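K.L.:
Take a look at the following structure, please.
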Amino acid sequence: MARHVVVEDLRVQQIERKDGRRSWTIVWPEGTVHTEADRFLRLHDGSGTQRTYAYLLVDHLRWLERECLAFDTVQLRDLERYMGIVGAEVCMPLGEPWRMGKRPYGRSALSTAAACLKAFYLHQSSLGVNEKLGKKLDASRLPSRVDRRRSFLGHVKSSLAANPLAPSGPHRRHPKMLPEGAREKLLVTVNAARDRLVVTWLADGGLRIGELCGLHLVDLHLRENAACGECRSPHLHVCHRLDNPNRAEAKTKHGWRVEHGTVTGGLIKRVSPVMVHAYFEYVTTEYPRGADHGMLLVQLHGADAGQPWAPVGARRMLGRAGKRAGLGLVKPHAFRHSFTSAVLDAADGNTLIARDAGGWASAAMVDEVYGHVDVHDPAFDAALRTVWGEGK
């Protein structure tokens, strides 16, 4: 089964696979696949990046068609001009107005678009198309002082990849965090034990919303010395699954398996005593008996009561609760930023502890940072307990 979203001539096509997975490609008006775009997007199959790149790339391909530019004739200056048209600051004539009535990309979207275009044309170059442009895009630079001090990056190599299409100007230095006292106000405002669990687990666990909504009951080892033998303290295993009925997916893709009913592997995250208390309050008062899907978070009301709760439902709940509490729009990722910042402060700036406590595990970080901290390390334990309010 497939749906499509029309974007003028070209369109993004969403494909629903029989195994429950989704993927995205780009097709022409008559429905034929855009070969070059599809070949590139397949490199990112099974990830959220594929969807993002599809919508950014279809915008660019539409512009190429209007400008009568072919992949083998596009020059770096053309790509820089395109970035200027969608919102970047460039010093050159941009040509005729385009995307009339649409807002320019924001800073984050511009950075992602630059990464998408570079990856797309490097892929074309690897296939023998416009290798001259590929060489100009495949640039490197020396690491700056900012690179060395950036949170969670740790040690860097002697050179870093550069993107001549990336927007200029300073990066945002401070992520958006929760307002002071937000956790306490939210816990008073929400009504359900499930919602208190969400607030508590986001605040104390540093979980992404996809990770939280994707948890299964078997992933939770909330007693000392669990059967998995991988962590002595109460903990949970974040497992990347593609077949969750609520479509929640963990971003990290650590290997995991189930042996004799016990989950091992995945991303292991320590659990605070308050998180354990919130869990038992929820499962003993609101969790439906006989639920056969095995997922942690469920819908509490309506025709789908008892079914797995989707991330969009959790986001909306937090948004409503934040407005009732006078906090404005509260987003789940703000909990993660606040958690990681608190761990970093409690660990006296140890970025390795902050990185592993928050589960920051992208391929670039794994490549650039040396080693991982031990979850049983006294400094790791002390930092978490300080954040959880048990440091004194």
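K.L.:
Name the long-range amide H neighbours of LEU178: under 5 Å, sequence gap of 5 or more, or other chain; modelled H, no Pro or chain starts.
P.N.:
The list, which skips near neighbours in sequence, is SER338.
K.L.:
Evaluate E = 1/(1 + (r/R0)^6) for HIS277 and ILE15, where r is the Cβ-Cβ distance and R0 equals 45 Å; express this FRET efficiency to the nearest 0.05.
P.N.:
0.55
K.L.:
Still on this structure: Are there GluC sites (Glu not before Pro) in segment 42-105 that DSSP marks as loop and that have at most 11 other Cβ atoms within 10 Å, and which are they?
P.N.:
Counting only loop positions with at most 11 other Cβ atoms within 10 Å, the GluC sites (Glu not before Pro) in segment 42-105 are GLU89.
K.L.:
Ok, one more. Can you list the chymotrypsin sites (Phe, Trp or Tyr not before Pro) in segment 84-120 that are in a DSSP coil and have 15 or fewer other beta carbons within 10 angstrom?
P.N.:
Answer by residue number: TRP98.
K.L.:
Taking θ = phi - 60°, what integer Hz values does the Karplus form 6.51 cos²θ - 1.76 cosθ + 1.60 yield along segment 48-58, in sequence order, with x for Gly and Pro?
P.N.:
x, 4, 4, 5, 4, 5, 4, 6, 6, 6, 5
K.L.:
Quick one: which residues, 5 or more positions from ARG241 or on another chain, have an amide H under 5 Å from its amide H? H modelled 1.01 Å from N in the peptide plane, none for Pro or chain starts.
P.N.:
Amide H neighbours of ARG241: ALA250.
K.L.:
Carbon and sulfur together cover what percent of the accessible area of segment 169-283 at a 1.4 Å probe radius?
P.N.:
It is 52 percent, rounded to a whole number.
K.L.:
Moving on to the next point. Please identify every one of the GluC sites (Glu not before Pro) in segment 187-281 that sits in a loop by DSSP and has no more than 10 other beta carbons within 10 Å of its own beta carbon.
P.N.:
Here the GluC sites (Glu not before Pro) that fit, given the DSSP loop and packing criteria, are GLU224.
K.L.:
I need the phi-derived Karplus couplings for segment 265-279: 6.51 cos²θ - 1.76 cosθ + 1.60, θ = phi - 60°, integer Hz, Gly and Pro marked x.
P.N.:
So the J values, rounded to whole Hz, are x, x, 8, 8, 10, 5, 10, 7, x, 5, 5, 4, 4, 4, 5.
K.L.:
Over segment 78-141, average the accessible area per residue using a 1.4 Å probe and give it in Å², no decimals.
P.N.:
55 Å²
K.L.:
Would you grab the residues whose amide H sits under 5 Å from the one on ILE268? Only those 5+ places off in sequence or on another chain, please, with H modelled 1.01 Å from N.
P.N.:
So ILE268 has HN proximity to VAL238.
K.L.:
Also, I was wondering about something else. Can you compute the FRET efficiency between ALA379 and HIS254 using 1/(1 + (r/R0)^6), with r the Cβ-Cβ distance and R0 = 22 Å? Round to the nearest 0.05.
P.N.:
Plugging the Cβ-Cβ distance into 1/(1 + (r/R0)^6) gives 0.45.
K.L.:
Would you mind pulling out the separation of the Cα centroids of segment 247-276 and segment 228-246, in Å?
P.N.:
About 1 Å separates the Cα centre of segment 247-276 from the one of segment 228-246.
K.L.:
Determine which lysines satisfy two conditions relative to LYS253: a Cα distance under 26 Å, and not lying fewer than 8 residues away in the same chain.
P.N.:
The qualifying lysines are LYS18, LYS118, LYS157, LYS176, LYS269, LYS331.
K.L.:
For ALA291 and ASN225, what is the calculated FRET efficiency with R₀ set at 45 Å and r taken between the beta-carbons, to the nearest 0.05?
P.N.:
0.95
K.L.:
Then there's this: Quick one: 3J(HN,Hα) in Hz for segment 255-263, Karplus 6.51/-1.76/1.60 with θ = phi - 60°, rounded, Gly and Pro as x.
P.N.:
x, 8, 7, 10, 10, 6, x, 10, 7
The values are calculated or read from the model by the stated rules, or taken from the named source; none is laboratory data. In this text, all values refer to a predicted model and were calculated from it rather than measured experimentally. Glycine also receives a Cβ, built like all others from the backbone with ideal geometry; neighbour counts cover every protein chain displayed. To get the accessible areas, we keep the full protein, side chains included, count just its heavy atoms, and leave off ligands, DNA and RNA. Shrake-Rupley method; radii C 1.70, N 1.55, O 1.52, S 1.80 Å.
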